[in-house]
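Below is one structure, written out as structure tokens, with a few remarks after it.
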Amino acid sequence: MIMKRNFKIMIFFLLTISIMACKKNDPNDIPIKPLAALTITNVISQGKFVRLNSNVIDSCALNNYKIFTIVAGNPSPIKAFASSAPNTPYYHQSLNIAQGGIYSLYLTGTNATAEAVFVKDDIPPYPSDDVVNVRLVNLSPNAGVINVTLASTPNVNLFTNVAYKQVTDFITLPLPAVIPSGTNVFQFRNATGTVLFTYTLPTTGTISIASSRHRNITLALKGILGGSGTDVLGVIGVPHY
């Protein structure tokens with residue numbers, strides 16, 4: 001009886017291996033491609049919706065961000081373009097993209113002369129404390145170097161002399177359940193210390209206080225100094241969840 005049972009187990013094992021071997025060579029199998037993640041932030045002055053590579057479904061709206069999956073490899077083409085002008089891309093490069101890598105593409109400049117910042121991200125682990133990890137990218141072509149303070153501590157720079165197209169490292173800020181006054185209000189200052197505008201971490205949405213606690217976010221400075229409408233100086237909050 002034991003021998004018979006062992007024989008059945010062996011037959012099952014061999015059949016399983018045979019099936020796996022057949023499936024391995026099955027020409028109808030769908031090949032699995034190595035993938036990576038790319039977040040596009042679109043703050044191009046007078047810009048359009050941005051599409052990526054051959055993706056005809058998703059696009060990144062102006063003054064917004066969008067997370068895409070891309071095929072990893074070396075080289076891997078990255079082509080970001082206005083949906084109305086695929087032959088004049090905002091950004092077109094072939095890059096070494098690591099499988100499972102996390103990347104950011106920041107698009108700025110003007111619709112006629114776009115500029116780009118491409119970054120391989122090193123996102124910190126999710127913090128366990130009631131904090132948020134924050135970094136800054138300066139995407140305003142004419143705002144000059146930027147300093148950032150909190151309204152609660154206006155004499156202490158969180159970020160200092162951040163130049164155009166510069167991406168800072170992440171810093172850690174307290175973000176408790178009860179927010180002390182001014183600790184979620186970021187003051188954006190020019191080189192002489194004048195406050196250009198303030199940005200308050202919102203109470204709702206994907207970049208809200210509750211959503212950002214224990215997380216990592218990028219504050220993307222966008223717009224034109226003295227601009228209006230979609231070009232007004234401001235911030236796009238980009239989560240890294």
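The values are calculated or read from the model by the stated rules, or taken from the named source; none is laboratory data. This structure is a prediction, so every number in the text was calculated from the model and none was measured. Backbone-built Cβ (ideal geometry, glycine too); neighbour counts: all protein chains shown.
Being hydroxyl-bearing (Ser, Thr, Tyr), surrounded by fewer than 22 Cβ atoms within 10 Å (Cβ to Cβ), outside the structural domain of Phe49 (by TED's automatic domain parsing) and touching a residue at least 60 places away in the same chain (Cβ under 8 Å) holds for only one residue in Tyr103, Tyr126, and it is Tyr126. Of all the criteria given as (1) surrounded by 13 or more Cβ atoms within 10 Å (Cβ to Cβ); (2) over 19 Å from Tyr106 (Cβ atoms); (3) in contact (Cβ under 8 Å) with a residue 40 or more places away in the chain, the one not satisfied by Gly193 is (1). The condition of being loosely packed, with under 15 Cβ neighbours inside 10 Å, assigned by TED's automatic domain parsing to the domain that holds Asn190 and touching a residue at least 24 places away in the same chain (Cβ under 8 Å) does not hold for Asn147. Among the residues of the range 151-182, those that are in contact (Cβ under 8 Å) with a residue 40 or more places away in the chain, in a strand (DSSP E or B) and farther than 21 Å from Thr108 by Cβ comprise Thr172, Leu173, Pro174. Among residues of the range 76-98 that are under 20 Å from Thr113 (Cα atoms), those with a beta-carbon under 8 Å from a residue that is among the small types (Gly, Ala, Ser) and in a loop (DSSP other than H, G, I, E, B) at least six positions away or on a different chain give the pairs Ala82/Gly47; Ser83/Ser59; Tyr90/Gly47.
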